[in-house]
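Read the structure below first, then the notes.
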Amino acid sequence: MQVDATDGLMTVGQLSRRTGMSIKAIRQYEALGLIYSAGRSDGNYRLFDESALWCAQVIETLRSLGLTIKEIDQLARAYLSRPDEAIGPRLAARLDAAERRIDDRIAELAAVRGRIRDYRAQNAAALAGRDGDLFGADPRRRTA
């Protein structure tokens, strides 16, 4: 569909500037069906309307809450296919999953921090540039 660019529509660049979302991300979301194009300009530019702006803002909010693109896509499909069903409980379940992922990641990072502290304690002299061999003898540096 060709549309007149003066109809209050935005190019992908304008949508990017208004949302702070990269052009690449907008195109990715459009390809996934999460953002809809309102057609093309006479110059063959993709054009977007206010609904695309709303969709982009919803996506960014959900991403900022830790949801994956796959989870957002699933929510969008449920929202569109079941308009009489409240989306809140589905979103709550996705937020629970995101929170569990964050808790798991925090535990992983705490374990790494513990290994760093242990390593520092065990190798204090070598880390300070004094005696000590951090990784054992380097076989590449053996002399014949």
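The values are calculated or read from the model by the stated rules, or taken from the named source; none is laboratory data. No experiment lies behind these values; they were computed from the predicted model shown. Every residue, glycine as well, gets a Cβ built from its backbone with ideal geometry; the counts of neighbours run over all protein chains shown.
Numbers at a glance
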item: Residues satisfying the stated conditions in segment 60-86, i.e. acidic (D, E) and surrounded by 11 or more Cβ atoms within 10 Å (Cβ to Cβ); result: E60, E71, D73, E85
item: Index of the failed condition, A38 passing every other in (1) under 19 Å from the mean Cα position of the chain (by Cα); (2) closer than 26 Å to Q14 by Cα; (3) touching a residue at least 12 places away in the same chain (Cβ under 8 Å); result: (1)
item: Residue among A126, A144, A137, A111 that is at pLDDT 95 or above and either in contact with a Leu (Cβ under 8 Å, 6 or more places away or on another chain) or of a type in the set (G, A, S) (or both); result: A111
item: Some residue of segment 134-142 being under 26 Å from L15 (Cβ atoms) and either in the same structural domain as M21 (by TED's automatic domain parsing) or in a helix (DSSP H, G or I) (or both); result: no
item: Segment 39-59, residues that are surrounded by 21 or more Cβ atoms within 10 Å (Cβ to Cβ) and aromatic (F, W, Y); result: F48
item: Residue that is surrounded by the fewest Cβ atoms within 10 Å (Cβ to Cβ) [pool: residues in segment 87-144 that are basic (K, R) and touching a helix residue (DSSP H, G or I) at 6+ places or on another chain (Cβ under 9 Å)]; result: R130
item: Unmet criterion (only one of (1) surrounded by fewer than 16 Cβ atoms within 10 Å (Cβ to Cβ); (2) modelled with pLDDT of 95 or more) for Y36; result: (2)
